[in-house]
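Asker: Have a look at this one.
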Amino acid sequence: MLIVGLTGGIGCGKSAAAEIFERLGATVIDTDQIAHQLTALGQPAVTAIQKQFGADYVLPDGNLNRSRLRNLVFSDAVAKKQLEALLHPLIKDEVCCRLAVAQTPYTIITVPLLLETGAYRELVQRTLVVDCAEDQQASRAMARSGLNEEEVRAIMACQVSRSERLRLADDIIDNHGERSELQQQVEQLHHQYLQLA
């Protein structure tokens with residue numbers, strides 16, 4: 001089975017591209033969704049995060065204080081590494097479980113930090129980068145997430161530069177335009193991946 005690592009900077013449209021691949025029949029494994037599931041109310045990862053970072057990172061109702069944790073890891077490199085050391089092995093185990101049962105000719109693994117961590121390089125045969133201009137990234141991310149520009153720019157600063165992402169890509173989706181243009185590019189890659197598989 002062909003395994004494609006889909007990545008891109010915040011606000012580039014990774015999720016939109018992944019949704020189209022899924023509608024076309026590909027298996028899509030989203031590491032952000034897995035991370036959310038692993039850090040949901042009552043999950044062991046929440047207890048581990050509280051133990052590592054303190055009670056302030058869990059809300060009174062037992063849910064993870066996601067905004068506080070996000071602010072910490074994007075302002076403190078050591079804390080970021082500690083959180084990654086906790087979560088990344090759990091996420092990767094779940095990815096491998098889902099790959100083992102995938103039945104489609106190719107699978108897309110959506111990994112925002114694919115190029116930054118290198119954690120999935122041994123699993124993926126191709127790297128697909130969803131790209132758009134940095135100002136567009138920032139405005140999309142602010143509209144979608146409710147983060148302010150400073151917060152979005154801090155996240156962008158922790159990611160591989162746009163030029164480096166493009167240099168490392170096997171395939172690129174240029175997502176600066178309309179949804180119909182994104183659809184067309186994903187369909188072309190879908191046929192290409194079916195042939196490669």
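Asker: Taking Tyr106 as the residue in question, decide whether it is over 19 Å from the mean Cα position of the chain (by Cα), aromatic (Phe, Trp, Tyr) and crowded, with 16+ Cβ neighbours inside 10 Å.
Answerer: No, not satisfied.
Asker: Out of all the residues in the stretch 129-186, which are touching a helix residue (DSSP H, G or I) at 6+ places or on another chain (Cβ under 8 Å), in contact (Cβ under 8 Å) with a residue 12 or more places away in the chain and part of a loop (DSSP other than H, G, I, E, B)?
Answerer: Cys132, Gln159, Val160, Asn175, His176
Asker: Here's another thing I want to ask about it. Answer yes or no: is there a residue in the stretch 91-110 that is of a type outside the set (D, E, K, R), out of contact with any helix residue (DSSP H, G or I) (no Cβ under 9 Å at 6 or more places or on another chain), closer than 29 Å to Glu150 by Cβ and free of Cβ contacts under 8 Å to residues at least 12 places away in the same chain.
Answerer: no
Asker: Given the conditions (1) in contact (Cβ under 8 Å) with a residue 60 or more places away in the chain; (2) under 13 Å from Ile10 (Cβ atoms); (3) among the small types (Gly, Ala, Ser), report the number of the one that Ala197 does not fulfil.
Answerer: (2)
Asker: Still on this model: Please give the number of the condition Arg121 fails out of (1) loosely packed, with under 15 Cβ neighbours inside 10 Å; (2) of a type in the set (Lys, Arg); (3) in a helix (DSSP H, G or I).
Answerer: Every listed condition holds for Arg121 apart from (3).
Asker: Would you point out the residue of the stretch 1-28, among those that are surrounded by fewer than 24 Cβ atoms within 10 Å (Cβ to Cβ) and polar (S, T, N, Q), that is farthest from Gln184 (Cα to Cα)?
Answerer: Checking each candidate, the answer is Thr27.
Asker: Hey, does the stretch 148-169 have a residue that's surrounded by 15 or more Cβ atoms within 10 Å (Cβ to Cβ) and within 22 Å of Glu22 (Cβ to Cβ)?
Answerer: Looking through the stretch 148-169, at least one residue is surrounded by 15 or more Cβ atoms within 10 Å (Cβ to Cβ) and within 22 Å of Glu22 (Cβ to Cβ).
Quick note: the coordinates plus some simple rules give every number you see, no bench work behind them. Predicted model only: the values in this text are computed from it and were never measured. Here Cβ is always computed from backbone atoms with ideal geometry, including for glycine, and neighbour counts include all displayed protein chains.
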